[in-house]
1. Report yes if some residue within segment B:9-26 is modelled with pLDDT under 95, within 14 Å of chain A (Cβ to nearest Cβ) and out of contact with any Ser or Thr (no Cβ under 9 Å at 6 or more places or on another chain); otherwise report no.
2. Return a yes/no flag: does segment B:47-64 have any residue that is within 23 Å of A:F105 (Cα to Cα), in a strand (DSSP E or B) and hydroxyl-bearing (S, T, Y).
3. List the number of the failed condition for A:L82; all other conditions in (1) surrounded by 13 or more Cβ atoms within 10 Å (Cβ to Cβ); (2) among the aliphatic types (A, V, I, L, M); (3) more than 14 Å from chain B (Cβ to nearest Cβ) hold.
4. The conditions are (1) part of a loop (DSSP other than H, G, I, E, B); (2) surrounded by 16 or more Cβ atoms within 10 Å (Cβ to Cβ); (3) at pLDDT below 95, and B:A79 fails exactly one of them. Which is it?
5. Within segment B:40-57, take every residue that is loosely packed, with under 15 Cβ neighbours inside 10 Å and more than 10 Å from chain A (Cβ to nearest Cβ) and give me the one that is nearest to B:T84 (Cα to Cα).
6. Just a yes or no: is a residue in segment B:60-76 within 30 Å of A:E51 (Cβ to Cβ) and either surrounded by 13 or more Cβ atoms within 10 Å (Cβ to Cβ) or touching a Phe, Trp or Tyr at 6+ places or on another chain (Cβ under 8 Å) (or both)?
7. Kindly list, by first and then second residue, each pair from a residue in segment B:49-66 that is free of Cβ contacts under 8 Å to residues at least 40 places away in the same chain to a residue that is surrounded by fewer than 12 Cβ atoms within 10 Å (Cβ to Cβ) and assigned to a loop (DSSP other than H, G, I, E, B), limited to pairs with Cβ atoms under 7 Å and residues at least 6 apart or on different chains.
Amino acid sequence: DAGVTQSPTHLIKTRGQQVTLRCSPKSGHDTVSWYQQALGQGPQFIFQYYEEEERQRGNFPDRFSGHQFPNYSSELNVNALLLGDSALYLCASSLGRGYQETQYFGPGTRLLVL
Amino acid sequence: TQLLEQSPQFLSIQEGENLTVYCNSSSVFSSLQWYRQEPGEGPVLLVTVVTGGEVKKLKRLTFQFGDARKDSSLHITAAQTGDTGLYLCAGARLTGGGNKLTFGTGTQLKVEL
């Protein structure tokens, strides 16, 4: 049973560019959450998708957008990249049924903005 | 903004020593989870605690949820080099129909021979 997978593993972009990160959830999971983790810090919640709609959003600007597909996979898009967007971007999947549902994390995509 | 403060931020100990990591908040959470993360990987769930006062044991690791469900602790007995990693607590609240995790600031643990 495959766990959460993310692609690409590493990415280098320059300021002002746009980037798309991809996530495939664990088999049977219908909810995908995205987090940003700066070096040495805890992950920060970006948003969560359920039934192809954004269900919750953290304190991130509109430059951060996402999408969930009918097969529950998801994309995170970041426009007009800033140096401060350099981080590890984590995807987590879960069953969207309540607060006790465990979130399983993928290995992340390391983004470097130059 | 809900904040989860972890202490200590860094911890370097010798193999065989005991240690405790604390996770504190002014907010109440429906549940609290502890994760361990190694370099280049995503966080891996260690335990979920739900009931105030709950204590869970996972081999040499003991987790406790505070009575008011605002704080938690992780105690490791006889630490081993394999325990090295970033330990993260995360509080869950059911809002807007989904469970959103608020992560703590993290505790970087290094266990040396």
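1. Within segment B:9-26, none of the residues are modelled with pLDDT under 95, within 14 Å of chain A (Cβ to nearest Cβ) and out of contact with any Ser or Thr (no Cβ under 9 Å at 6 or more places or on another chain).
2. yes
3. For A:L82, the exception is condition (1).
4. It is condition (3) that B:A79 fails.
5. Across segment B:40-57, the extreme among qualifying residues is B:K57.
6. yes
7. B:G52/B:D67; B:G52/B:A68; B:G53/B:D67; B:R60/B:A78; B:F65/B:T51; B:F65/B:G53
Residue-by-condition table, conditions (1) at pLDDT below 95; (2) away from every other protein chain (no Cβ under 13 Å); (3) under 19 Å from B:R93 (Cα atoms); (4) assigned to a strand (DSSP E or B):
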| site | (1), (2), (3), (4) |
| --- | --- |
| A:G3 | yes, no, no, no |
| A:L11 | no, yes, no, yes |
| A:G16 | no, yes, no, no |
| A:G40 | yes, no, no, no |
| A:R55 | yes, no, yes, yes |
| A:N59 | yes, no, yes, no |
| A:H67 | no, yes, no, yes |
| A:P70 | no, yes, no, no |
| A:L76 | no, yes, no, yes |
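The values are calculated or read from the model by the stated rules, or taken from the named source; none is laboratory data. What you are looking at is a predicted structure, and each value in this text was computed from that prediction instead of being measured. Every residue, glycine among them, receives a Cβ derived from its backbone with ideal geometry; neighbour counts consider all protein chains shown.
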